[in-house]
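Heads up, the thing below is written out as structure tokens.
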Amino acid sequence: MKTTIQKPELQPFQVSGSEIKKNEEAVVAIKSIAPLGNDFVIRDEPLPEMLQLTSEFSAEKLPGVLLKGVHYYDLQSIGYINNTGMAKLIGLLRSLLQKGVGVRFVNVSDQIRSKIKKMGLDHILPCS
Amino acid sequence: MKEFYFSKFENRRPYKAIPDSKFRTLLFQSFGIITIALGLAYLHWRWCHSLNPDALWFAIPLVTAETLSYLSTILVVINFWSYKDAEKKEPVHFLSEIEDLQGRPDRPVKIDVFIATYNEDVELVRLSIQDAKKMIYPYADVVFRIYVLDDGRRDGRDPNKQNMKAVADEEGVGYLIREHNEGYKAGNLKNALEQTHGDLFAILDADTRPFPGFVQNTSGYFRNKKVAWIQTPQWFYDTTEPERLSDIIKIKFRLSQKKVGRVIDRLFGKIKVNEDIFGNDPRLFYDVILRKRNFYNAAFCCGAGSMHRREAVMSLAVKDFAEGINKLEEELMENHSSNEEIQSRKKELLLSQQIIPFKFHASEDIYTSIMLHADKENRWESIQHPDIECRMLSTQDIDSWVKQHQRYAEGSLDIAFKDNPVFKKGLTFGQRICYFNTIWSYFAPLWILVFLLSPIIFFFTLQLPVKAYSFDFFKYFLPFQVMNTITITIGCWGIATKRGDQYYISSFWFMLLSLISVIRGKKVKFNVTPKDKNTASNLQHILPHMIIIGLSVAGILYNIILLIIGVHPTPSGFAANAFWCIFNIIDLSIMIRAARWQPLDASREN
């Protein structure tokens with residue numbers, strides 16, 4: 001008889017585990033962020049254009065902020081993601097992990113979340 | 001244009017695809033069923049009533065070989081069952097025609113053309129680039145981006161190599177490289193996909209010269225959103241031309257006198273030989289075997305001359321990647337590993353694993369096809385397009401020819417032993433049968449060897465594998481063989497199969513070596529000293545053929561002597577085996593002729 005295995009709650013891939021709780025609070029405060037060179041600016045309104053995470057989309061355009069060893073990416077403006085886009089997110093995750101930086105995708109819409117789950121990436125791409 | 005050996009074939013035009021015929025299909029299906037039934041009856045009689053009890057060591061291998069060969073017949077009848085060409089559609093203009101936009105703004109389709117190269121003559125690649133640039137399309141806002149994928153990194157850094165980048169720049173096309181060669185061609189394509197944006201992309205080899213309608217005639221199929229790739233027939237425009245037998249005789253015997261020459265011409269002038277001496281014409285494969293697999297949605301990709309949907313290969317890449325990590329997580333959880341250990345192991349795998357669109361394998365094309373066909377969720381479809389849309393170059397000497405075919409054999413057999421499509425979850429029954437047909441054909445050397453050796457064994461031991469070549473034998477054997485021949489002829493209607501038949505037998509040796517090397521997991525190597533390379537490397541391929549022919553002829557002569565003296569135990573047995581043997585010798589000889597063939601111009605100079 002196969003016992004149902006309780007999968008652990010998804011953690012961001014990050015360097016130090018004890019920072020998780022503090023970072024969750026910081027995430028709630030991020031409504032919408034836009035990159036500005038090496039610094040990040042917190043905006044009041046979301047970006048107007050709908051972004052598509054497809055092959056032409058370059059990762060630099062993705063709004064994000066680095067807080068205490070975890071890089072948060074705001075996917076609020078992402079209206080569409082395809083397989084190539086998911087491969088890009090994986091690539092992003094890998095390149096930051098290699099540098100010892102954790103990653104978390106925030107404000108992920110239900111539509112995007114279900115696509116990610118469909119491809120089996122829900123336990124790989126850290127989303128909240 | 002630089003003069004190449006194939007320049008004289010520049011104006012050769014390809015054949016037209018065989019038109020489908022409902023009548024012929026029905027005829028084939030009926031005759032096919034009759035053939036299978038007759039074969040069953042024949043083999044039943046063979047196993048139960050015909051084995052020579054005094055020579056079972058001989059009888060059983062032969063009847064086993066016949067049974068294995070009969071399985072081939074059944075697979076062929078199933079494969080050849082019916083044509084089901086996809087409906088040809090107008091070339092696509094907008095993204096919405098090939099994908100579900102899901103809220104995205106519409107735009108013209110983007111199409112990439114990849115020309116993969118490694119060490120080919122850059123002027124040869126230039127021809128392919130120029131032909132790619134000449135491709136036409138009805139919509140000006142659908143842009144083709146052409147990229148040379150140079151795994152040889154010939155960008156001028158090595159002054160001893162030709163400069164591929166310079167040629168690409170001169171022709172105004174893209175040039176992509178990577179600083180390693182991991183995954184060979186599949187890795188090269190992966191690198192290209194990371195740097196390009198086409199919704200559809202074409203794969204061309206360095207020598208693949210597309211005809212102007214290549215993309216125009218194939219993009220329409222992608223309107224069916226389930227279509228993952230299109231394969232077009234690979235056509236070689238440099239297969240050897242037929243030569244007049246009289247010319248060959250005159251050159252071989254150095255007959256330069258005019259009068260003698262005229263006599264020879266009158267006697268032998270009309271006979272033409274050596275057409276496609278290497279049996280390179282793949283028409284039987286593309287126009288019949290692969291094309292008929294459309295019926296089962298089992299036509300696999302063969303590399304060059306194909307068009308792909310980016311999203312399809314990327315779905316495979318992402319799913320594979322996820323599966324690896326998810327499997328690891330499940331295993332670790334079953335072993336009750338701690339959360340930290342699971343996270344750290346997952347991270348390790350995440351960093352080491354790559355996102356791979358085309359499987360890293362010697363036969364990446366067929367392997368990726370199997371994986372895409374097996375995707376239960378997406379139910380991808382593939383299409384073998386019937387018309388020739390590009391031309392390519394074939395191998396011009398027996399050594400290269402054998403090595404190329406060995407690569408195909410070993411690649412497919414490797415997949416068969418490590419990830420057999422017959423048992424793969426997600427494939428339909430028809431797909432499994434078709435892939436099995438491909439794999440089974442690489443086991444043919446086992447029964448071909450028995451068929452080649454049996455007459456020889458008879459000639460020297462005078463033992464028969466059957467009780468007698470009696471009326472009963474011919475009553476079962478002849479109808480089956482005759483029906484078999486008729487059925488295959490109808491199945492291959494319109495195509496010359498002589499070379500294919502000859503090479504089917506003649507390939508036994510290198511196919512056997514491939515089978516053995518895959519089973520042993522080791523490559524069988526022949527050590528050849530450099531200065532003898534040409535003769536020795538050709539000889540290694542035809543020595544077994546020469547031995548078998550020699551033994552056969554010796555056997556026949558020996559038996560003739562026995563007959564003349566009057567002591568031969570079974571003259572009817574001799575007649576049957578001698579007859580069979582002659583066909584074997586004719587088929588074996590093609591490889592010897594190919595190994596010794598030289599173009600007439602070269603022979604004239606010698």
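Details
- Of the residues making up the stretch B:256-303, those that are of a type in the set (Phe, Trp, Tyr) and under 19 Å from B:Thr489 (Cβ atoms) number 2.
- Among the residues of the stretch B:138-164, those that are open to solvent by 40 Å² or more (accessible area, probe 1.4 Å) and either basic (Lys, Arg) or over 29 Å from B:Lys89 (Cα atoms) (or both) comprise B:Arg145, B:Arg153, B:Asp155, B:Gly156, B:Arg157, B:Asp158, B:Pro159, B:Asn160, B:Lys161, B:Gln162, B:Asn163.
- Some residue of the stretch B:224-245 being of a type in the set (Val, Ile, Thr), assigned to a strand (DSSP E or B) and either surrounded by 18 or more Cβ atoms within 10 Å (Cβ to Cβ) or modelled with pLDDT under 85 (or both): yes
- Listing of strands (runs of 3 or more DSSP E) fully contained in the stretch A:51-111 that carry 1 or more residues being surrounded by fewer than 18 Cβ atoms within 10 Å (Cβ to Cβ) and not aromatic (Phe, Trp, Tyr): A:64-67, A:78-81
- When we screen B:Phe451, B:Phe436, B:Phe460, B:Phe429 for residues that are more than 18 Å from B:Ser517 (Cβ to Cβ) and without any contact (Cβ under 8 Å) to a residue 60 or more places away in the chain, the only hit is B:Phe429.
- Spans of helices (runs of 4 or more DSSP H) in the stretch B:408-520 with at least 1 residues farther than 21 Å from B:Asn280 by Cβ: B:429-441, B:444-461, B:471-491, B:508-520
- Going through (1) of a type in the set (D, E, K, R); (2) modelled with pLDDT under 85; (3) closer than 28 Å to B:Ile78 by Cβ one by one, B:Lys475 falls short only on (2).
- Those strands (runs of 3 or more DSSP E) lying entirely in the stretch B:128-220 with at least 2 residues touching a residue at least 60 places away in the same chain (Cβ under 8 Å) and more than 14 Å from chain A (Cβ to nearest Cβ): B:200-205
For every residue, the table says whether it meets (1) touching a Gly at 6+ places or on another chain (Cβ under 7 Å); (2) at positive phi; (3) within 10 Å of chain B (Cβ to nearest Cβ).
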| residue | (1), (2), (3) |
| --- | --- |
| A:Val70 | yes, no, no |
| A:Gly85 | no, no, yes |
| A:Phe105 | no, no, no |
| A:Asp122 | no, no, yes |
| A:Leu125 | no, no, yes |
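- Apart from one condition, A:Gly120 fits all of (1) within 15 Å of A:Leu53 (Cα to Cα); (2) part of a loop (DSSP other than H, G, I, E, B); the exception is (1).
- Residue count for the stretch B:541-554 under the criterion of being buried (at least 18 other Cβ atoms within 10 Å of the Cβ) and without any contact (Cβ under 8 Å) to a residue 40 or more places away in the chain: the result is 1.
- Residue that is surrounded by the fewest Cβ atoms within 10 Å (Cβ to Cβ), among those in the stretch B:392-401 that are under 16 Å from the mean Cα position of the chain (by Cα) and of a type outside the set (A, V, I, L, M, F, W, C): B:Ser400
- Qualifying positions in the stretch A:52-88 - of a type in the set (D, E, K, R) and either modelled with pLDDT of 80 or more or touching a Ser or Thr at 6+ places or on another chain (Cβ under 7 Å) (or both): A:Asp74, A:Lys88
- Filtered residue count, the stretch B:92-118, keeping only those that are closer than 19 Å to B:His308 by Cβ, assigned to a loop (DSSP other than H, G, I, E, B) and either open to solvent by 40 Å² or more (accessible area, probe 1.4 Å) or within 14 Å of another protein chain (Cβ to nearest Cβ) (or both): 5
- Search result, residues across the stretch B:555-573 that are surrounded by 11 or more Cβ atoms within 10 Å (Cβ to Cβ) and in a loop (DSSP other than H, G, I, E, B): B:His568, B:Thr570
- Just one residue in the set B:Phe459, B:Phe473 is in contact with a strand residue (DSSP E or B) (Cβ under 8 Å, 6 or more places away or on another chain) and open to solvent by less than 40 Å² (accessible area, probe 1.4 Å); that residue is B:Phe473.
- A search for C-beta distances below 9 Å between a residue of the stretch B:337-363 that is more than 30 Å from B:Phe201 (Cα to Cα) and any residue that is open to solvent by 40 Å² or more (accessible area, probe 1.4 Å) and small (Gly, Ala, Ser), counting only pairs 6+ apart in sequence or on different chains, returns B:Glu340/A:Gly17; B:Gln343/A:Gly17.
- Residue tally, condition surrounded by fewer than 21 Cβ atoms within 10 Å (Cβ to Cβ), away from every other protein chain (no Cβ under 14 Å) and in contact with a strand residue (DSSP E or B) (Cβ under 9 Å, 6 or more places away or on another chain), over the stretch B:345-387: 1
- The residues of the stretch B:308-344 that are open to solvent by 20 Å² or more (accessible area, probe 1.4 Å), under 24 Å from A:Gly100 (Cα atoms) and more than 9 Å from chain A (Cβ to nearest Cβ), listed by number, are B:Gly324, B:Leu328, B:Ser337, B:Ser338, B:Glu341, B:Ser344.
- In the stretch B:159-213, of all residues being over 29 Å from the mean Cα position of the chain (by Cα) and of a type in the set (Asp, Glu), the one that is nearest to B:Val125 (Cα to Cα) corresponds to B:Glu171.
- The numbered conditions (1) under 20 Å from B:Glu120 (Cβ atoms); (2) surrounded by fewer than 23 Cβ atoms within 10 Å (Cβ to Cβ) are all true for B:Gly213 except (1).
The values are calculated or read from the model by the stated rules, or taken from the named source; none is laboratory data. Bear in mind the structure is a predicted one, so any value in this text is a computation, not a measurement. Virtual Cβ from ideal backbone geometry, glycine too; neighbours counted across all protein chains shown. Note: accessible area is taken over every heavy atom of the protein model, side chains too, but ligands, DNA and RNA are not part of it. Shrake-Rupley method; radii C 1.70, N 1.55, O 1.52, S 1.80 Å.
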